[in-house]
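Before any comments, here is the structure.
The values are calculated or read from the model by the stated rules, or taken from the named source; none is laboratory data. These figures come from a predicted structure and were not determined experimentally. Neighbour counts run over all protein chains shown; Cβ positions are idealised from the backbone, glycine included. When the accessible area is computed, the model is the full protein with side chains, heavy atoms only, and any ligands, DNA or RNA have been set aside. Shrake-Rupley method; radii C 1.70, N 1.55, O 1.52, S 1.80 Å.
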Amino acid sequence: MADNIIIRVQSPDGMKKIISTKRETAAAFLKKVAKEFGFNSNGFSVYLNRNKTGEILSQNKTLSLLKIKHGDMLFLFPSGSSTSSGEVMDTATPHTSSSLPSVSSSSSLHSVTIPRSFSAPQVQEDEIDQYLAKQDGKIYRNKDPQLCRHGALGKCVHCVPLEPFDEDYLNHLDPPVKHMSFHAYLRKLTGGADKGKFAALENISCKIKSGCEGHPPWPEGICTKCQPSAITLNRQKYRHVDNIMFENHTIADRFLDFWRKTGSQRMGYLYGKYTEHKDIPLGIRAEVAAIYEPPQNATQNSLELLEDPKAAAVDEIAAKLGLCKVGWIFTDLLSEDTRIGTVRFTRNKDSHYLSAEECITAGYFQNQHSNPCRLSRDGHFGSKFVTVVATGGPDNQVHFEGYQVSNQCMALVRDECLLPCKDVPELGYAKESSPEQYVPDVFYKDKDKFGNDVTFLARPLPVEYLIIDITTTFPKDPQYTFCSTQRFPIENRDILGETQDFHSLATYLSQCTTAAFLDIVSDFHLLLFLVTNEVMPLRDSIGLLLDAVRTSNEDLAQTWKKSEQWATIEQLCSTVGGQPSSSLGYGAMGGPSVPASSSAMWSCLHCTFMNQPGTEHCEMCSLPRS
């Protein structure tokens, strides 16, 4: 035992202590190092010096002959060919692996060295992330005529390019930007003299680590090795999406029509794509091209999502159209004056912007749609999934507000540590530990009445610590991914009498006799019906048409029009006729008329509010049905 020595081995992943002996050979010692760090036998090199000199080779010489003594520090560097799951970062020199985001080589001054996550080196990042990783990202400034005293080719502190994470620049924008972009945050992590050598993106875990054998499992035992750390909530300094833009007003208006006609709230999924947001350095914009409304039960003050058997088909169609699910939207609208169309301003600084229950739902969706990231050992970090609320604004008009929840909130929701408060929507509650689940302590900091920073236990918890706001906009010049001028009925609106069937398809086609075929079929809801209808689903034969819509190619659309599938669709439409079938009659002015059946919803003659069946007085104006 007296011959035992402890040798420290420093790697980019941290330091570990290896127990050895003076008589142990270098080959045996290197096997211990490989086992401790999780490497293959040839996946690393160990050196006596930090500058990669004095390499220790796998040979039969003892450690004493190599002059390695008790307490010495050795330096481990992984080789580029290692594929071990325990591989660690080394960014002393730029990587040239194809798994790394490549950088434009037009100027060596613009190159960016980004470390990679070695537990998931083959992660396929989103296209927008790959594009932004290649960008310079610096903020270039013109020569100041008053402060700059140098020539045209010179630079000084008044005109030198700024980094994309420069807080003074972001604060002086109009309006000021509170959160830097995610890629600017990555540049901040990977900047400096070490080029981010020891930078890492770690996902927070609130669960007990498995595999600890020194004690009985929870609740009988726990130790510092397996116990999750306490969480102190901080306002997140960056955001994964910097702007949400609806391509045109029609998308939002059609979504709001459900509330206008029924008074009930509505929820939908946003489908679109991620593009560069040029107003913020290295920013990302979520462009919304369509809204899909899943099955749901809705009232004036609640929403319940139902199981959607068509969810996989919708995602598949969207992918073939070059779109993906970028977020979700829901309404929280209360009518104030029906004569002038105003709504109540209920979400403000005196009440709440997002309730705790909505934050938990947003966290659930964000965990389902995590953001692929090479810099995380798990292969993912955060999420680009956004939340949009249609609610009343200060001018009592409908406003669209965009949000995300922080990565800390995502972790609390994923590990089931966060609960809503029943009577106070703006407060959440961190669960307490139970025999079934250990929950780490959650804290947040606030100022007391004397202005001092005080730490509070998150029971309850103001949800402002979990929210990141995102600007939501509409373009000056509307854009149209789906350019159909007519409106095919939206899915899952049977309660309004708007059904997707061949009667409605026949009516829709009869209204589009003069339009080009590509314009006729360029409707997201129509394409969903063609794929998911039960009479003649076209899931396996509609690929050519989806390519035509995605590329706006009229020739491809005409080619598909000549197929047997479309001929069968036309035959079915001619069989059912051009008149839509509905259980609710519709008047000549397009408004819903009073149904004869008492088992269907009826429209109030005084305020046009759609009431539930079986009631004799209007729920909105309290006037009698007749």
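I'm trying to understand the selection: among the residues of segment 260-278, which are touching an Asp or Glu at 6+ places or on another chain (Cβ under 8 Å) and of a type in the set (D, E, K, R)?
266, 273 - these are the residues of segment 260-278 that are touching an Asp or Glu at 6+ places or on another chain (Cβ under 8 Å) and of a type in the set (D, E, K, R).
Of all residues in segment 295-310, which are of a type in the set (Asp, Glu) and open to solvent by 50 Å² or more (accessible area, probe 1.4 Å)?
304, 307, listed by residue number.
Would you call residue 34 of a type in the set (A, V, I, L, M), modelled with pLDDT of 85 or more and out of contact with any strand residue (DSSP E or B) (no Cβ under 9 Å at 6 or more places or on another chain)?
Judged against the criteria, residue 34 is not a match.
Can you tell me which residue among 301, 297 is free of Cβ contacts under 8 Å to residues at least 40 places away in the same chain, outside any strand (DSSP E or B) and farther than 29 Å from residue 204 by Cβ?
Sole residue among the options that is free of Cβ contacts under 8 Å to residues at least 40 places away in the same chain, outside any strand (DSSP E or B) and farther than 29 Å from residue 204 by Cβ: 301.
Is segment 326-340 home to any residue that is farther than 30 Å from residue 603 by Cα and open to solvent by less than 60 Å² (accessible area, probe 1.4 Å)?
yes
List pairs: first residue in segment 152-181 and closer than 30 Å to residue 404 by Cα, second residue open to solvent by 40 Å² or more (accessible area, probe 1.4 Å) anywhere in the structure, Cβ distance under 6 angstrom, at least six positions apart or on different chains.
162/169; 165/188; 180/165
Please specify each residue of segment 205-254 satisfying the condition of being in contact with a strand residue (DSSP E or B) (Cβ under 8 Å, 6 or more places away or on another chain), surrounded by fewer than 17 Cβ atoms within 10 Å (Cβ to Cβ) and farther than 30 Å from residue 278 by Cα.
230, 232
Just checking, how many residues over segment 401-418 are open to solvent by 30 Å² or more (accessible area, probe 1.4 Å) and either hydroxyl-bearing (Ser, Thr, Tyr) or closer than 30 Å to residue 343 by Cβ (or both)?
Looking only at that region, the number is 1.
Taking segment 338-370, which residues are in a strand (DSSP E or B), in contact (Cβ under 8 Å) with a residue 24 or more places away in the chain and farther than 19 Å from residue 268 by Cβ?
342
Under the condition of being charged (D, E, K, R) and part of a strand (DSSP E or B), which residue from segment 448-475 is least open to solvent (accessible area, probe 1.4 Å)?
469
I need a count of the residues in segment 401-421 that are hydrophobic (A, V, I, L, M, F, W, C), part of a strand (DSSP E or B) and either more than 18 Å from the chain's Cα centre (by Cα) or not assigned by the TED database to the domain that holds residue 340 (or both).
2
Within the set of pairs 6 or more residues apart or between chains, which connect a residue that is aromatic (Phe, Trp, Tyr) inside segment 198-210 to a residue that is modelled with pLDDT under 90 and open to solvent by less than 100 Å² (accessible area, probe 1.4 Å) with Cβ atoms less than 8 Å apart?
Within 8 Å, the pairs are 198/12; 198/89.
From the list 327, 392, 382, 341, exactly one residue is farther than 23 Å from residue 203 by Cβ and touching a strand residue (DSSP E or B) at 6+ places or on another chain (Cβ under 7 Å). Which is it?
That would be 392, the only listed residue that is farther than 23 Å from residue 203 by Cβ and touching a strand residue (DSSP E or B) at 6+ places or on another chain (Cβ under 7 Å).
Those residues that are assigned to a loop (DSSP other than H, G, I, E, B), at pLDDT 90 or above and open to solvent by 40 Å² or more (accessible area, probe 1.4 Å), I need them from segment 179-199; list them, please.
Across segment 179-199, there are no qualifying residues.
For segment 312-328, what are the residues that are more than 19 Å from residue 241 (Cβ to Cβ) and of a type in the set (A, V, I, L, M, F, W, C)?
312, 313, 314, 317, 319, 321
Quick grid of which residues meet (1) in contact (Cβ under 8 Å) with a residue 24 or more places away in the chain; (2) closer than 16 Å to residue 480 by Cβ; (3) of a type outside the set (A, V, I, L, M, F, W, C); (4) not assigned by the TED database to the domain that holds residue 319:
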site	(1), (2), (3), (4)
525	yes, yes, yes, yes
533	yes, no, yes, yes
536	yes, no, no, yes
539	yes, no, yes, yes
544	no, no, no, yes
556	no, no, no, yes
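If I ask for residues that are closer than 25 Å to residue 269 by Cβ and touching a Ser or Thr at 6+ places or on another chain (Cβ under 9 Å), which ones from segment 546-569 would you list?
Once the filter is applied, which keeps residues that are closer than 25 Å to residue 269 by Cβ and touching a Ser or Thr at 6+ places or on another chain (Cβ under 9 Å), segment 546-569 yields 548, 549, 550, 552.
Need pairs with beta-carbon distance below 9 Å; first residue acidic (Asp, Glu) and within segment 44-57, second surrounded by 12 or more Cβ atoms within 10 Å (Cβ to Cβ) and modelled with pLDDT of 85 or more; sequence gap 6+ or separate chains.
Short answer, once both residue conditions are applied: 55/45; 55/46; 55/47; 55/48.
Just checking, which of 489, 478 is open to solvent by 50 Å² or more (accessible area, probe 1.4 Å) and not assigned by the TED database to the domain that holds residue 573?
478
Residue check: is residue 429 crowded, with 20+ Cβ neighbours inside 10 Å and in a strand (DSSP E or B)?
Here the answer is no, as residue 429 does not meet what is asked.
Can you tell me how many residues in segment 493-513 are crowded, with 20+ Cβ neighbours inside 10 Å and either under 29 Å from the mean Cα position of the chain (by Cα) or aromatic (Phe, Trp, Tyr) (or both)?
Here the count works out to 2.
I'd like the residue in segment 255-294 that is in a loop (DSSP other than H, G, I, E, B) and either hydrophobic (A, V, I, L, M, F, W, C) or under 28 Å from residue 130 (Cα atoms) (or both) and, out of all such residues, is most open to solvent (accessible area, probe 1.4 Å).
278
When the residues of segment 432-447 are filtered to those that are open to solvent by 50 Å² or more (accessible area, probe 1.4 Å) and more than 27 Å from the chain's Cα centre (by Cα), which remaining residue is modelled with the lowest pLDDT?
Once the filter is applied, the top-ranked residue is 447.
With the structure loaded, tell me whether residue 622 is at pLDDT 70 or above, in contact with a strand residue (DSSP E or B) (Cβ under 6 Å, 6 or more places away or on another chain) and among the hydroxyl-bearing types (Ser, Thr, Tyr) or whether it fails that test.
no
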